[in-house]
Structures are given as C-alpha cells and as structure tokens.
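Okay, structure first, notes after.
The values are calculated or read from the model by the stated rules, or taken from the named source; none is laboratory data. Fair warning: this is a prediction, and the values are worked out from it, not measured in the lab. For neighbour counting, all protein chains shown are included, and Cβ atoms are generated from backbone atoms with ideal geometry for every residue, glycine included. To get the accessible areas, we keep the full protein, side chains included, count just its heavy atoms, and leave off ligands, DNA and RNA. Shrake-Rupley method; radii C 1.70, N 1.55, O 1.52, S 1.80 Å.
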Amino acid sequence: MGDYVTRLVVGVGGRAGVSVAEVCALIEETLRGAGLTVEAVAALATVEAKTAEPGIVGAAERFGVPLVGHPAEELARISVPHPSGAVREAAGTGSVAEAAALAGGGELLVPKRRSMAATCAVATVQPHDLRHHGDAEVLDAGGALVDLAVNVRADTPPVWLKERIAACLGDLAAYPDGRAARAAVARRHGLPTERVLLTAGAAEAFVLIARALDAVRPVVVHPQFTEPEAALRDAGHQVGRVLLRAADGFRLDPEAVPEDADLVVIGNPTNPTSVLHPAATLAALARPGRILVVDEAFMDAVPGEREALAGRLDVPGLVVLRSLTKTWGLAGLRIGYVLAEPEVIAKLAAAQPLWPVSTPALVAAEACLEPSALAEAEAAAGRIAVDRAHLLAGLAEFDEVTVMGEAEGPFVLIRVEGAMEVRTRLRALGFAVRRGDTFPGLDGSWLRLAVRDRATTGRLLQALDHALALAGR
C-alpha cells in the first residue's frame, strides 16, 4: 500500500463452478487497465445466492477482503448501465457485477468486464460519515443506556477536580491567562514552553493543523479517529488514505506511507483499533519536510505511557496531540494541547482566535498535570488494563466474536456477523456500543466497546449473549 488509496468495491458475478484463478485474473486485469490497484479494494460484492460460490469466496480470501452479499431484490432496484436480459431473468438484475458494485452508494468507475465464466465491475465506496462520533449513540437516550460508545473514563471528573474547577468561577470576568497551564504542560513533558500550544481539545488542534501548515500531500492512516481527515477536507485538502488491514492486526508498516506525503496523521494508541504502535515504527515515518502528527489522546490510559513520543526532541517534524478529556471526563470543557517545534507552534497559534481556551479549562489543565493527578491517572491506567483483560476473556467465549488487533487502549474493536443487528439488539437491552462502519477501513461488521468495570462488563456479556441468540434466529 505505497500509494494514496481511493477505496473500491468490486462487484462480481460468475457461473457455477467458476474458478478462483479466473475470478482473480479478471479482477486484476480490470483494475490494472483502469490504473487502479488491488490494495485499494475494500470488498468484493455479489448477490446473496453467489456468496457460497467457491471461486468468488476464494477470490475474496486471496485479496484479503470481505465478501458482501446483497439480496436479489435489493440489486433488482439498482439501475445498471449495461443490463443483460438473460442475467435479469436468471438473477433478477440486469448485471450482478454492476448492481453489486453500486449497492454501497458509490460511483461506478469501471463498467462490467467479462471473462469466460465471470464478470466484474468497480465502484467507489460511499464516503464514510466522518462526523459520526460515539456520543451520537447516546444522545437523546436520557441516561437510559449504559454508555459503552464513548471512550471517556466512567465516574469522572473526580470530586477534587470538580471542586478545583468550581473554585475558579469567581474569576470569569477576567480574560483567560494560559501561561500557568502552558508552563504546567511544559514541565510535565520536560519541554520549553515555546514547544507547547493549548487548545480547546484535540479537535481544535486538527483544524489548526489543516488550516495553518500548508500541506500539499496529506495522508491519514486508517482506521483511526475521523476528525483529522474531516478537518483536512474542510480546509480544501485532497486527503490520501493508507488503510491498515485486519489480517495484519491493524499494525503499521512504515513503507505503506507514500514517500512524498508531507503531512502524515496517525493515532497511538489508535482509535478504534486499540493498537499501540511501537514508538520506533512511528519515528521511522519522519522525513525532512514532512510533518508527522501523532494523536496520543489515549496515551495516558496506557500503563507507563509505553511507546509515547510526547517530549521527544529527536524526531524531526513531530507534532504530538494530547487530550485531557478522556481520562478526566472533561469532554464538555474542551482542553488539550499540542507539542511541536517552536516554528510549528507559532504557525498554529497564529491561526487560533484570541483566548481559545476558557479559564475553567486552564484551571483543569493545571490540576490534571500535578504530580498527584499524574499518579492517579497511572493508577487508573492499571485498572483499565485489568478491566480490559476481563472484557477480552469474556469476548473470547463467543465463537461469533473476533477481537482484531492487540488491544492496549480503553476500548476494544470486535468483528461480529450481523453487527448492525447485534448493536440494535444491545441497545434494546440497555447498552450503547459504537458502530464501526463510519471509520474508513472498516465496514458494518465491526463494533467498538469501551472498557468498563467488571460488573458492567458482566452485564454487557450477558446482554451480548442474548443479542447474538436473537440475531441468529
């Protein structure tokens, strides 16, 4: 995957007994003729009746992508540019390949191509909803759902932090002064203050990066938090994607990132995969003239902050983003920060409005960076690791559930057949979980679960057992 990726779906049709070799050869020839790459293929798609055809199943396995089956009646409703009366009579649609390729709502790039016993067509995948976030799963629920969709630590902010924030309310008549909070961040990471920028959460930092750093060839490594790509697109950038694969445990090969990318964004640990990339692997992405953005919003949930790059001075072009909203339950207050070379910090600061961070948020930042708070965060990270192990052990009891990647964050990513129905069933049973199909690189078979205490996890596992039984009827 050494190129910018436009995600593709290949619609496939075939006669009974078509071979894997013929299907693969047709797909490869079709892609090559259109100047497209096999690495860009996100899925093969066909009519449900063909999802057990060995040649088509084997082709999907060989390409390492899912095979998506669509009901014949659904494909029959899709207008295709090259219909066949014989195919319509046999399958209910004028072209299985074209209709299946278009079923995801994308644009047809390559019309139907034929071999002796197979057909294929290529379409783009409908763009993901980059603005969908976990809070959408619990909005308007009135507290009726157990929240496993949002990755903010439960039972936060703690009482002592609420008291510190409340104590500053008498100072709201004055404009915010961020000097003390900025100095606290600098001390925490052993950096000069010139390398620190306070922001209204990591989300603001992504907007500043998109608007102020003049990237020409930005690349986002997916699956990951979608806000960086959304901010880049909003700023007018054409964004390249590098899609990590489940078959590789969603681990990064630095060679997958195009050499000419001048801005690379990756999370560590990555949301939603929960993969913790080695610091050396990420540092290997650094190049002269390249900005390397590492989103460490969940790093303080990793015991010892293993593999952190925050505070490193030996990685050229490094920009590290941190958030205080996850561990401390401050999503509604909006506080985070950027660590980077002084020249980069100056550019980002010039794009900020005056007083971008409120006084209560600044007070919270100082409080959360005190030694006692850092010790509390480290203890919480240890508990999260224990609770995550309990969740993973419980999930391992389900044959229908696969945990992908080695989870190191306060959430886990699972693959389950009928995930969208399972999610709906869980909701009816009182649990909100995060859908995975809005993350580039994932589809509707994925769900993300926040790590909670053992009692909550026990209730979730019981509900999941019930949901799977209902979905399997």
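Report, by residue number, each residue of the range 26-43 that is at pLDDT 90 or above and among the hydroxyl-bearing types (Ser, Thr, Tyr).
Thr30, the sole residue that qualifies.
Criterion first (free of Cβ contacts under 8 Å to residues at least 60 places away in the same chain, among the hydrophobic types (A, V, I, L, M, F, W, C), within 30 Å of Val264 (Cβ to Cβ) and open to solvent by less than 30 Å² (accessible area, probe 1.4 Å)) does Val9 satisfy it? Spell out how you get there, then give the answer.
Details: free of Cβ contacts under 8 Å to residues at least 60 places away in the same chain: no; among the hydrophobic types (A, V, I, L, M, F, W, C): yes; within 30 Å of Val264 (Cβ to Cβ): yes; open to solvent by less than 30 Å² (accessible area, probe 1.4 Å): yes.
Criteria not met by Val9.
Got a sec? Which of Leu392, Leu413, Leu449 is assigned to a helix (DSSP H, G or I) and not small (Gly, Ala, Ser)? Steps first, please.
Values: Leu413 fails: assigned to a helix (DSSP H, G or I); Leu449 fails: assigned to a helix (DSSP H, G or I).
The conditions single out Leu392.
Please go through the range 95-114 and give me each residue that is under 23 Å from Ser19 (Cα atoms) and not charged (D, E, K, R), ordered by number.
Here is the first cut: in the range 95-114, the residues under 23 Å from Ser19 (Cα atoms) are 95-101, 110-114.
Once the filter is applied, which keeps residues that are under 23 Å from Ser19 (Cα atoms) and not charged (D, E, K, R), the range 95-114 yields Ser95, Val96, Ala97, Ala99, Ala100, Ala101, Val110, Pro111.
I'm trying to understand the selection: among the residues of the range 255-275, which are in contact with a Gly (Cβ under 7 Å, 6 or more places away or on another chain), surrounded by fewer than 24 Cβ atoms within 10 Å (Cβ to Cβ) and not small (Gly, Ala, Ser)?
Result: Glu255, Pro258, Asp262.
I'd like the residue in the range 324-357 that is in contact with a Pro (Cβ under 7 Å, 6 or more places away or on another chain) and under 29 Å from Asp214 (Cβ atoms) and, out of all such residues, is surrounded by the most Cβ atoms within 10 Å (Cβ to Cβ). Please lay out each step first, then the result.
From the range 324-357, those in contact with a Pro (Cβ under 7 Å, 6 or more places away or on another chain) are 328-330, 333, 355, 357; that's our starting set.
Imposing the further condition that a residue be under 29 Å from Asp214 (Cβ atoms) reduces the set to 355, 357.
Values: Trp355: 12, Val357: 25.
Restricting to residues being in contact with a Pro (Cβ under 7 Å, 6 or more places away or on another chain) and under 29 Å from Asp214 (Cβ atoms), the top hit is Val357.
Considering each residue of the range 416-446, count those that are of a type in the set (D, E, K, R), in a helix (DSSP H, G or I) and open to solvent by 60 Å² or more (accessible area, probe 1.4 Å), and give that number. First the steps, then the outcome.
So the first thing to find is which residues in the range 416-446 are of a type in the set (D, E, K, R), and the list is 417, 421, 423, 425, 427, 434-435, 437, 443.
Retained after the next criterion (residues that are in a helix (DSSP H, G or I)): 421, 423, 425, 427.
Then keep just the ones that are open to solvent by 60 Å² or more (accessible area, probe 1.4 Å); that gives 421, 425, 427.
Matching residues across the range 416-446 total 3.
Out of all the residues in the range 29-45, which are out of contact with any Lys or Arg (no Cβ under 8 Å at 6 or more places or on another chain), in a helix (DSSP H, G or I) and under 26 Å from Asp437 (Cα atoms)?
Passing the criteria: Leu31, Val38, Glu39.
Please work out if Ala301 is open to solvent by 10 Å² or more (accessible area, probe 1.4 Å) and of a type in the set (A, V, I, L, M). Full working, then the answer.
Details: open to solvent by 10 Å² or more (accessible area, probe 1.4 Å): no; of a type in the set (A, V, I, L, M): yes.
When the stated conditions are applied, Ala301 does not pass them.
Kindly evaluate Pro218 against the criterion of being in contact with a His (Cβ under 7 Å, 6 or more places away or on another chain), buried (at least 22 other Cβ atoms within 10 Å of the Cβ) and over 24 Å from Ser372 (Cα atoms).
Details: in contact with a His (Cβ under 7 Å, 6 or more places away or on another chain): yes; buried (at least 22 other Cβ atoms within 10 Å of the Cβ): yes; over 24 Å from Ser372 (Cα atoms): yes.
Yes: the conditions hold for Pro218.
Does the range 377-400 include one or more residues that are over 20 Å from Gly304 (Cα atoms), among the β-branched types (Val, Ile, Thr), out of contact with any Gly (no Cβ under 7 Å at 6 or more places or on another chain) and open to solvent by less than 50 Å² (accessible area, probe 1.4 Å)?
No, the range 377-400 has no match at all.
In the range 341-391, how many residues are more than 29 Å from Leu292 (Cβ to Cβ) and among the basic types (Lys, Arg)?
So the count comes out to 1.
Write out, first by first residue and then by second, each pair whose Cβ atoms fall under 6 Å of each other, whose residues are 6+ apart or on separate chains, and whose first residue, in the range 356-381, is in a loop (DSSP other than H, G, I, E, B) while the second is among the charged types (D, E, K, R) and at pLDDT 95 or above.
Going by the 6 Å Cβ cut-off, the qualifying pairs are Leu369/Arg188.
Which members of the range 177-200 meet the condition of being under 17 Å from Ala350 (Cα atoms) and surrounded by 15 or more Cβ atoms within 10 Å (Cβ to Cβ)?
Listed by number, the residues that qualify are Gly178, Arg182, Thr193, Arg195, Val196, Leu197, Leu198, Thr199, Ala200.
So Leu321 fits all but one of (1) modelled with pLDDT of 95 or more; (2) open to solvent by less than 10 Å² (accessible area, probe 1.4 Å); (3) farther than 19 Å from Leu263 by Cβ; (4) among the aliphatic types (A, V, I, L, M); what number is the exception?
Only one criterion is unmet by Leu321, namely (3).
Looking only at residues in the range 257-309 that are part of a loop (DSSP other than H, G, I, E, B) and of a type in the set (Gly, Ala, Ser), which one is farthest from Glu341 (Cα to Cα)? Can you show your working first?
Within the range 257-309, the subset part of a loop (DSSP other than H, G, I, E, B) is 257-262, 268-278, 284-290, 296-298, 302, 306-309.
Still in the list and also of a type in the set (Gly, Ala, Ser): 261, 274, 284, 286, 289, 297, 308.
Details: Ala261: 19, Ser274: 28, Ala284: 18, Ala286: 14, Gly289: 13, Ala297: 19, Ala308: 17 Å.
Filtering first and then ranking leaves Ser274.
Residues of the range 225-254 being part of a helix (DSSP H, G or I) and surrounded by fewer than 18 Cβ atoms within 10 Å (Cβ to Cβ), which ones?
So the first thing to find is which residues in the range 225-254 are part of a helix (DSSP H, G or I), and the list is 227-234, 246-248, 254.
Within the range 225-254, Arg233, Asp234, Ala247, Asp248, Pro254 meet the criteria.
If Ile384 satisfies all but one of (1) closer than 23 Å to Ala186 by Cα; (2) modelled with pLDDT of 95 or more, what's the number of the condition it fails?
(1)
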